[in-house]
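In what follows, a structure is listed as structure tokens, so that the remarks can point back to it.
The values are calculated or read from the model by the stated rules, or taken from the named source; none is laboratory data. The structure displayed is predicted, hence computed values, not measured ones. Neighbour counts run over all protein chains shown; Cβ positions are idealised from the backbone, glycine included. When the accessible area is computed, the model is the full protein with side chains, heavy atoms only, and any ligands, DNA or RNA have been set aside. Shrake-Rupley method; radii C 1.70, N 1.55, O 1.52, S 1.80 Å.
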Amino acid sequence: MIRAFAVATFGGTTVVHDPAVGTNHVPPQPLPAGCVALDDQQVAAWPEADPSTLAFEYPLSMCWSPIVRCNLDCPQCLDDKSVRESTAAERRILAGHIAASGVLGVDISGGEPLLLRDLPELARAIRRQGTSVVSCTTNGWHLARRAEELAEALDAIRVSLDGATEATHDLWRGQDSYRRAVAGIRAAVDEGLFVQLQMVLMRSNQHEAQELLDLAAQLGAGGVTFLQMLPIGSGVALAAEQSLTDEQAREIVGPLTVPDGVRVRLRTRTSAGGFTVLRADGYAWRNTRGATGISAFVPVTGPDDLRLPTSGSTS
């Protein structure tokens, strides 16, 4: 599939950011900077970039959670529900700061971002400079009714499915959430959006990992990301579910049979370390201690507040 990627060069090394999978790749030859249409299978074959070797002053990618509210109450949620939520005017200002910062990839999350009427406007504002690609992570409940307008504003959409079956997913997300998410995935695919499924990998759902890959192929999704559960937010209370080590997670994902046209990524706790999150109150936070904690960074009052204190940090 030909779709949009963000390209920049750091210290002579060209980096390509994938908005769907969240990975960064090094092409075999330099590419023009900005948003570039590339074949996603070709990009997947390129080696992943090592952020520690790159001279950059801002995150390669980040998460922006402009909303605290959510229609679901998932026990594994990472979000801090105690923070103040930005107003619509503040969200527009923050979107402008993100766009001007030079970050390659922005994933708009929450809370549930599809509850925001101005979500397409915010995504377009970030993309307006022509340097960033934008994805959105959603529980899928409202995706079917909003897929058409989002297809014009987003470069990719990530839908949370914490089980390949209705029984497993609804156990974590609530009754009817599986049916609504699957309907949303179908609608997004029909609108031409690249859809990446995301499963929080836990003790109780790891046995459905292969089924989820098969479901992704059946629904027309382009890939699956397995996320190691992080002990942040509500998930702190789920010690038994998050006891999979990164090595154990690799042993689960590595032997899976990947259907044609489906890309698979495992986001380990190690790879999530140092990741930047802009929360709903307008403060930038950073995953710490190997993504087992999160700490306050700075209030974002301009693009420079999203830059890293030292070059070479992880993204």
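Points worth noting:
- Looking only at the stretch 173-191, residues that are in contact (Cβ under 8 Å) with a residue 60 or more places away in the chain and either surrounded by 24 or more Cβ atoms within 10 Å (Cβ to Cβ) or of a type in the set (Ser, Thr, Tyr) (or both) come to 2 in all.
- Restricting GLY184, GLY235 to those that are assigned to a helix (DSSP H, G or I) and modelled with pLDDT under 95 reduces the list to GLY235.
- Annotation: of all residues in the stretch 39-68 being free of Cβ contacts under 8 Å to residues at least 60 places away in the same chain and either charged (D, E, K, R) or closer than 30 Å to PRO299 by Cβ (or both), the one that is surrounded by the most Cβ atoms within 10 Å (Cβ to Cβ) is ALA49.
- Scanning the stretch 148-162 for residues that are buried (at least 24 other Cβ atoms within 10 Å of the Cβ) and more than 14 Å from the chain's Cα centre (by Cα) turns up just one, ASP162.
- Residues that are more than 18 Å from the chain's Cα centre (by Cα) and assigned to a helix (DSSP H, G or I) within the stretch 188-211 comprise ASP190, GLN206, HIS207, GLU208, ALA209, GLN210, GLU211, listed in sequence order.
- Some residue of the stretch 82-92 being over 17 Å from GLY111 (Cβ atoms), out of contact with any Cys (no Cβ under 6 Å at 6 or more places or on another chain) and at pLDDT below 95: no
- The set of residues from the stretch 8-28 being in contact with a strand residue (DSSP E or B) (Cβ under 8 Å, 6 or more places away or on another chain) and either more than 14 Å from VAL133 (Cβ to Cβ) or acidic (Asp, Glu) (or both) comprises THR9, THR14, ASP18, VAL26, PRO27.
- Failed condition for THR137, given (1) of a type in the set (Val, Ile, Thr); (2) touching a helix residue (DSSP H, G or I) at 6+ places or on another chain (Cβ under 9 Å); (3) open to solvent by 10 Å² or more (accessible area, probe 1.4 Å); (4) over 19 Å from THR225 (Cβ atoms): (4)
- Listing of strands (runs of 3 or more DSSP E) fully contained in the stretch 250-315 that carry 2 or more residues being at pLDDT 90 or above and closer than 16 Å to THR23 by Cβ: 263-267
- Check on ALA144, in a helix (DSSP H, G or I), open to solvent by 30 Å² or more (accessible area, probe 1.4 Å) and farther than 27 Å from MET229 by Cβ: yes
- When residues of the stretch 84-109 are limited to those that are of a type outside the set (D, E, K, R) and part of a loop (DSSP other than H, G, I, E, B), the one surrounded by the most Cβ atoms within 10 Å (Cβ to Cβ): VAL103
- Conditions (1) surrounded by fewer than 22 Cβ atoms within 10 Å (Cβ to Cβ); (2) under 18 Å from the mean Cα position of the chain (by Cα); (3) over 30 Å from GLU211 (Cα atoms): number failed by LYS81: (2)
- All positions within the stretch 192-222 that are open to solvent by less than 10 Å² (accessible area, probe 1.4 Å), within 20 Å of ARG269 (Cα to Cα) and modelled with pLDDT of 95 or more: GLN196, LEU197, MET199, ALA209
- Of VAL36, VAL21, all but one fail to be over 17 Å from the mean Cα position of the chain (by Cα), among the aliphatic types (A, V, I, L, M) and either open to solvent by less than 10 Å² (accessible area, probe 1.4 Å) or within 22 Å of PRO59 (Cβ to Cβ) (or both); the exception is VAL36.
- Filtered residue count, the stretch 110-140, keeping only those that are hydrophobic (A, V, I, L, M, F, W, C), within 12 Å of ASP155 (Cα to Cα) and outside any strand (DSSP E or B): 2
- Considering the stretch 163-172, and only residues there that are outside any loop (DSSP other than H, G, I, E, B) and either closer than 18 Å to ALA216 by Cα or in contact (Cβ under 8 Å) with a residue 60 or more places away in the chain (or both), the residue that is least open to solvent (accessible area, probe 1.4 Å) turns out to be HIS169.
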